[in-house]
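Peer 1: Handing you this structure, nothing more for now.
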Amino acid sequence: MASTASNTSKLEKPVSLIWGCELNEQNKTFVFKVSDEDKTEHQLALRTVCLGDKAKDEFHIVEIVPQEVAGTVSQPVPIATLKPSILPMATMVGIELTPPITFQLKAGSGPVYISGQHIALEEDYSWAEEEDEEEEVEEEEEEDPESPPKAVKRPAASKKGSQAKKKMDKDEEEEGSEEDSPVKKGKGAGRGRKPAAKK
């Protein structure tokens, strides 16, 4: 279980190389494999299968021979049938294989050229280094006692708005006090007291 967790936590960085092989009358099979000691994940993405300029005008059949797995027998899988006068080249799309892979020239004398992209997925630890650098920068900012405290930025509109609100509150208080004062009411209740005081 620990190995599964470590595999999911690390990222893989693809390294891509151009790959190719030739099948002909003398070499009817070619095996694409990687070293058993190499623990890197490898894939071969096929791109083209084409005939050489010296190929005879006959059918050339290229196939992939599956690996034997626990005694099961699998039939070879044809991937291209080529003839110089009809179809001298085939483009491969979506064929990504994991080595070892055996290519075989079932029919024809060749030469037949198979090309593709050999992709090796290497462990990429650069993301961990970037995270460490970011953490160091954040710690430096927090630990620096000489740096001035960060002021909380408020938008200028909110300051004006709060001042305007205070002004409005004061105006309302003044208006309220004016309404309450007997001098400015303009109704007879306030004036009636003055003559009463004179008697």
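The values are calculated or read from the model by the stated rules, or taken from the named source; none is laboratory data. As the structure is a computational prediction, the values presented were derived from the model and not from experiment. In this analysis, Cβ positions are derived from the backbone assuming ideal geometry, glycine residues included, and neighbour counts consider all displayed protein chains. Please note that ligands, DNA and RNA were not included when accessible areas were found on the heavy atoms of the full protein model with its side chains. Shrake-Rupley method; radii C 1.70, N 1.55, O 1.52, S 1.80 Å.
Peer 1: Any residue in region 67-82 that is assigned to a loop (DSSP other than H, G, I, E, B), at pLDDT 95 or above, in contact with a strand residue (DSSP E or B) (Cβ under 9 Å, 6 or more places away or on another chain) and surrounded by 16 or more Cβ atoms within 10 Å (Cβ to Cβ)?
Peer 2: Restricting attention to region 67-82, the residues satisfying the condition of being assigned to a loop (DSSP other than H, G, I, E, B) are 67-68, 70-71, 73-76.
Then drop every residue that is not at pLDDT 95 or above, which leaves none.
No, because not a single residue in region 67-82 is assigned to a loop (DSSP other than H, G, I, E, B), at pLDDT 95 or above, in contact with a strand residue (DSSP E or B) (Cβ under 9 Å, 6 or more places away or on another chain) and surrounded by 16 or more Cβ atoms within 10 Å (Cβ to Cβ).
Peer 1: Applying the selection to region 23-38, what residues are more than 33 Å from the chain's Cα centre (by Cα) and surrounded by 14 or more Cβ atoms within 10 Å (Cβ to Cβ)? Explain how you work it out, then say what you get.
Peer 2: From region 23-38, those more than 33 Å from the chain's Cα centre (by Cα) are 23-31; that's our starting set.
Across region 23-38, the qualifying residues are LEU23, ASN24, LYS28, PHE30.
Peer 1: Right, another one. List pairs: first in region 94-107 and within 13 Å of VAL65 (Cβ to Cβ), second open to solvent by 50 Å² or more (accessible area, probe 1.4 Å) and of a type in the set (Ser, Thr, Tyr), Cβ under 8 Å, 6+ apart or cross-chain?
Peer 2: Listed by first residue and then by second, the contacts come to THR102/THR29; PHE103/THR29; GLN104/THR29; LEU105/THR29.
Peer 1: List the number of the failed condition for GLY110; all other conditions in (1) open to solvent by less than 20 Å² (accessible area, probe 1.4 Å); (2) in a strand (DSSP E or B) hold.
Peer 2: Evaluating GLY110 over (1) open to solvent by less than 20 Å² (accessible area, probe 1.4 Å); (2) in a strand (DSSP E or B) leaves (2) as the failure.
Peer 1: Same structure, new question: Starting from residues that are surrounded by fewer than 16 Cβ atoms within 10 Å (Cβ to Cβ), among the β-branched types (Val, Ile, Thr) and farther than 14 Å from THR48 by Cα, keep the ones in region 83-107 and report whichever is farthest from the chain's Cα centre (by Cα).
Peer 2: Taking the candidates together, the pick is ILE86.
Peer 1: Is it true that some residue in region 125-141 is in a strand (DSSP E or B) and either open to solvent by less than 50 Å² (accessible area, probe 1.4 Å) or modelled with pLDDT of 95 or more (or both)? Quick ask: steps written out before the conclusion?
Peer 2: Applying the first criterion (in a strand (DSSP E or B)) to region 125-141 yields none.
Taking every residue of region 125-141 in turn, none turns out to be in a strand (DSSP E or B) and either open to solvent by less than 50 Å² (accessible area, probe 1.4 Å) or modelled with pLDDT of 95 or more (or both).
Peer 1: Determine which member of the set THR72, THR81 is over 23 Å from LYS13 (Cβ atoms), without any contact (Cβ under 8 Å) to a residue 12 or more places away in the chain and of a type outside the set (A, V, I, L, M, F, W, C).
Peer 2: Working: THR81 fails: without any contact (Cβ under 8 Å) to a residue 12 or more places away in the chain.
The conditions single out THR72.
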